[in-house]
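Taking it in order: structure first as structure tokens, then the write-up.
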Amino acid sequence: MNNQMLSLLGIARRAGRLALGSDAAAEAMRKGTAKLLLLAGDLSTRSAEKMLALAQDAGVAAEQLAVTMEDISMALGKRTGVVAVNDAGFAEKLHALCASE
């Protein structure tokens, strides 16, 4: 599942449908463009709690992934532990992949 999820994240990145990093993800949630928030499994507890609170306030679904920041950086070309998906189609598919893990 992780390979399929990381591949789909790479496609979404090339399509310009992701906001990478906590600042960009927070901005996407404030603007209402974020459909799904993904957090790396090795993200610090403090950062994760902050982002989850922002997601809850914005009404955005959030998932804690079983992959590390290193795995995400290999798939996306940028080291980050916070990814906001700004496309409903990608968000739906990624959410389904997360649920099936």
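Of all residues in region 48-61, those that are polar (S, T, N, Q) have Cβ atoms under 8 Å from Cβ atoms of residues that are open to solvent by less than 70 Å² (accessible area, probe 1.4 Å) and outside any helix (DSSP H, G or I), 6 or more apart or on another chain, in Gln56/Ala62. Against the conditions (1) surrounded by 14 or more Cβ atoms within 10 Å (Cβ to Cβ); (2) of a type in the set (Gly, Ala, Ser); (3) closer than 16 Å to Ser22 by Cβ, Ala53 satisfies every one except (1).
When you scan region 34-42, do you find a residue that is at pLDDT 95 or above, farther than 15 Å from Leu65 by Cα and buried (at least 16 other Cβ atoms within 10 Å of the Cβ), even just one? The answer is yes, given that some residue of region 34-42 is at pLDDT 95 or above, farther than 15 Å from Leu65 by Cα and buried (at least 16 other Cβ atoms within 10 Å of the Cβ).
Being outside any loop (DSSP other than H, G, I, E, B) and free of Cβ contacts under 8 Å to residues at least 60 places away in the same chain is true for just one of Arg13, Arg30. Which residue is that?
Working: Arg13 fails: free of Cβ contacts under 8 Å to residues at least 60 places away in the same chain.
Just a single option satisfies the conditions, and that option is Arg30.
Of all residues in region 46-81, how many are among the β-branched types (Val, Ile, Thr), over 16 Å from Lys31 (Cβ atoms) and either assigned to a loop (DSSP other than H, G, I, E, B) or modelled with pLDDT of 95 or more (or both)?
We begin by selecting, within region 46-81, every residue among the β-branched types (Val, Ile, Thr); these are 60, 67-68, 72, 80.
Now narrow it down to the ones that are over 16 Å from Lys31 (Cβ atoms): 67-68, 72, 80.
Next cut, either assigned to a loop (DSSP other than H, G, I, E, B) or modelled with pLDDT of 95 or more (or both) only: 67-68, 80.
So the answer is 3.
If you check Arg46, Arg17, Arg13, which single one turns out to be more than 20 Å from Glu92 (Cβ to Cβ) and among the charged types (D, E, K, R)? Before the answer, list the steps.
Numbers: Arg17 fails: more than 20 Å from Glu92 (Cβ to Cβ); Arg13 fails: more than 20 Å from Glu92 (Cβ to Cβ).
Every option except Arg46 fails the conditions.
The set of residues from region 79-97 being more than 11 Å from the chain's Cα centre (by Cα) and touching a residue at least 60 places away in the same chain (Cβ under 8 Å) comprises Asp87, Lys93, Leu97.
Out of curiosity, is Gln64 open to solvent by 90 Å² or more (accessible area, probe 1.4 Å), of a type in the set (S, T, N, Q) and without any contact (Cβ under 8 Å) to a residue 12 or more places away in the chain?
On the way: open to solvent by 90 Å² or more (accessible area, probe 1.4 Å): yes; of a type in the set (S, T, N, Q): yes; without any contact (Cβ under 8 Å) to a residue 12 or more places away in the chain: no.
Criteria not met by Gln64.
The values are calculated or read from the model by the stated rules, or taken from the named source; none is laboratory data. Note that this is a predicted model, so its numbers are computed, not measured. Cβ sites come from the backbone with ideal geometry, for glycine too, and all protein chains shown count toward neighbours. The area values use the complete protein model at the heavy-atom level, side chains included, leaving out ligands, DNA and RNA. Shrake-Rupley method; radii C 1.70, N 1.55, O 1.52, S 1.80 Å.
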